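Single-structure report; data block below.
Values in this text are rule-based calculations from the coordinates and carry no lab data. Given the structure is predicted, the values throughout are model-derived calculations rather than measurements. Note: ideal-geometry Cβ built from the backbone for every residue, glycine included; neighbour counts use all protein chains shown.
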Amino acid sequence: MNFHLTPGAEGLRTRLFHIIFESDTPGAKAFDIALIVAILMSVTIIMLDSIEIYAERYGEVFFYLEWTFTLLFTIELALRIYCLEKPTLYLRSFYGIVDLIAVLPTWLVLLVPGAHGLVIVRLLRVLRIFRILRLMEFVGEARLLLDALKRSLRQILLFFSAIFMVITLFAALMYTLESPEAGFTSIPMSMYWAIVSMTTVGYGDIVPATALGKAITMILMLLGYSIIAVPTGVFSAQVIRSIREERYSEEACPGCGHERHEKRARYCLRCGTWLDEHSEDPRKKDETHEKDEKADPASD
């Protein structure tokens, strides 16, 4: 995790913390595996419950299983809060919010009036699918992707802002040139056409009728091909940067000043200087031992 969590008091809370938030002990690994299985089973039940034929046949079974998983996840969340020194730090984090989304919808359904809130109830039930996001907590590489996404967020937002302006301009232009019979009944509908054309999906439900409109469509499609890879490139560059920072250290060699050694490296790749400032170079111990043997005749 990217934030620093600490257990509450010594004893039970500390033991629970090591089991729930760490994965270097047999108990912690078993807990993680059991939690992953429970998440996958819960999400599978939600998906099956959305299929009408299964909902009619096994709706009652799904209902009880869903409440069983909800109780288990609620107990797990309560234990997480109990064993932490500062629970609010976790609840404000990404995984803490996902944990709340995973259990709150089922409990909130009890508070929503049935007849007048069917749409809200359905929305709350669908929100439980967010439990699948909790699997990211168990994938080490997911942290690299999240770091890369955070770093590239400003560039991607700027990119989509520029795309939105281009789409608006083309939509306004096509709304002016094309007739409502062709589907361009408003600027928002024309924006829908522009997005479909720029992404080269081409649904065909709105098609320009004039030659000038078709020429503009061609330009928009070519423009889409040329810019669709921009956010991918930005995100890929940040992923590579995160991987490098994860692997390499920024500290310079005290001997030659060479940078970007692997974090596990103990000697400089260029000059062979000992890099770990917190411990003594073992070669110096060997040299000192050899000098002592030479200086001490009895050692012969």
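Here is how the numbers come out for the structure above:
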quantity	calculated
Using a Förster distance of 41 Å, the FRET efficiency for residue 89-residue 55 (Cβ separation, nearest 0.05)	0.55
Estimated inter-spin distance, residue 210 and residue 168, nm [label 7 Å along Cα→Cβ]	2.3 nm
Reciprocal mean inverse distance between Cα atoms of the stretch 143-231 - Kirkwood radius, Å	13.9 Å
Computed label-point distance, nm, for sites residue 78 and residue 156 using a 7 Å Cα→Cβ extension	3.7 nm
Proxy reagent accessibility, fewest Cβ within 10 Å first, across 18, 4	4, 18
From phi via Karplus (6.51, -1.76, 1.60), per-residue ³J(HN,Hα) for the stretch 6-15 in Hz, x at Gly/Pro	10, x, x, 9, 5, x, 4, 5, 5, 5
Residues whose placed amide H lies under 5 Å from that of residue 84, excluding near-sequence neighbours	8
Sorted by Cβ density within 10 Å, fewest first, the residues 23, 186, 42	186, 23, 42
Computed E for residue 221/residue 10 - FRET, C-beta separation, R0 45 angstrom, nearest 0.05	0.10
Taking 198, 189 and counting other C-beta atoms within 10 Å, the order from fewest to most	189, 198
Pair residue 28, residue 186: separation of 7 Å Cα→Cβ label points (nm)	5.5 nm
